[in-house]
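Single-structure report; data block below.
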Amino acid sequence: MKLGITDKVYKRLDEATTPYFAKTRRKRLERTGFSIISNNCWAGSVYRYYGLPYQSPTAGLYFFAPDYIKLCGDLRRYMSLSLEPLDIVDSPHRDELVAKGQRDVPLGLLGDIEVVFLHYPSFEEAREKWERRASRINYDDVFFKFSEMNHCGETELGSFSRLRHRNKVLFTVEDRPDLGCSVRFGRRYVANGEIGNDTVAFRRYFDLTGWLNSPPEKYGGGSRREL
């Protein structure tokens, strides 16, 4: 999703001022050792906002929704797997990636999960950072964030809402009180029935600091019903 002029200016100002305000923001946090597992770059945006080291590998990349749901349901096992390179010709999403102008974006395969390293120049660099950040995951204090995008349907929305984890948030196109953990995202960031960008206004639609100050929750894996 292409950003408008206003959002581009907002993003640049936010990035320019973060080094000056991060320390003050960080003081509002009750703890800083949490790990955010997001379906795209959102986790990285949060860590930068508070001036924190990345304690999650989910930065500078994205997953297609069905793959992200699998990751949430068995995080420890997937993080124990070796990340292997994936040629675009072998990707089930190759036509979509080409249409998005992402033909040359590095791709990785984590077991049966495809990882699109959108903001990395090479697979080698992506793997090095993935492995380093994955080793920092604090399984005693995990947060999950999912957005209605990248092939997200009712199955994925329902599976995420049933995840046996309280510290999670789901950004949706419409109000979805039935899902329990949903937050309606701004319409200006919705295109073609899905959220096109959630990293510019990553904190605008809910209390980010309050959410991160929720009591720590250990990752257990799985869901109330089969994912």
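None of the figures in this text is laboratory data; all of them are computed from the coordinates on show. Since the structure is predicted, the reported quantities are computational estimates derived from the model, not experimental observations. Using ideal geometry, Cβ is built from the backbone for each residue, glycine included, and neighbour counts are taken over all protein chains shown.
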May I ask you to compute the full-extension gain from Tyr139 to Asn213, defined as 0.36 nm times their residue separation minus their alpha-carbon distance, rounded to one decimal in nm? 25.0 nm
DSSP bridge pairs, the chain: antiparallel proportion in percent, nearest 5: 50 percent
Taking Cα centroids, how far is region 182-200 from region 36-65 in Å? 17 Å
Relative packing of 91-104, 193-206, which averages over residues the other C-beta atoms within 10 Å, highest first: 193-206, 91-104
Between the residues Val173, Ile195, Val46, the Cα farthest towards the positive end of the dipole of the chain, that dipole coming from +1 and -1 charges on the beta-carbon of Lys, Arg, Asp and Glu, is from Val46
Compute the distance in nm between two label points, each set 7 Å from the Cα along the Cα-to-Cβ direction, one at Arg132 and one at Ser80. 2.6 nm
Relative contact order (%) - the chain, alpha-carbon pairs under 8 angstrom, separation at least six: 23 percent
Size of charge dipole - the chain - debye, nearest 20, with Cβ of Lys, Arg +1 and Asp, Glu -1, no other charges: 1200 debye
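Once R0 is set to 45 Å, what does the formula 1/(1 + (r/R0)^6) return for the Cβ-Cβ distance between Arg12 and Arg164, expressed as a FRET efficiency to the nearest 0.05? Write down the numbers at each step before the final one.
Numbers: r = 40 Å, r/R0 = 0.88.
E(calc), rounded to 0.05, equals 0.70.
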Any of Lys70/Lys168; Lys23/Lys168; Lys168/Lys218; Lys70/Lys145 with alpha carbons more than 19 Å apart? Name them for me. Lys23/Lys168
May I ask you to order 80-89, 150-159 by the average number of other C-beta atoms within 10 Å around their residues, highest value first? 150-159, 80-89
Answer with one residue from Tyr78, His93, Ser56: the one whose Cα lies farthest towards the positive end of the charge dipole of region 5-212, charges on Cβ with Lys, Arg +1 and Asp, Glu -1. Ser56
Can you bin region 106-160 into rounded, prolate or oblate? Criterion: square roots of the alpha carbon gyration tensor eigenvalues sorted a ≥ b ≥ c, rounded for a/c under 1.5, prolate for a/b above b/c, oblate for the rest. oblate
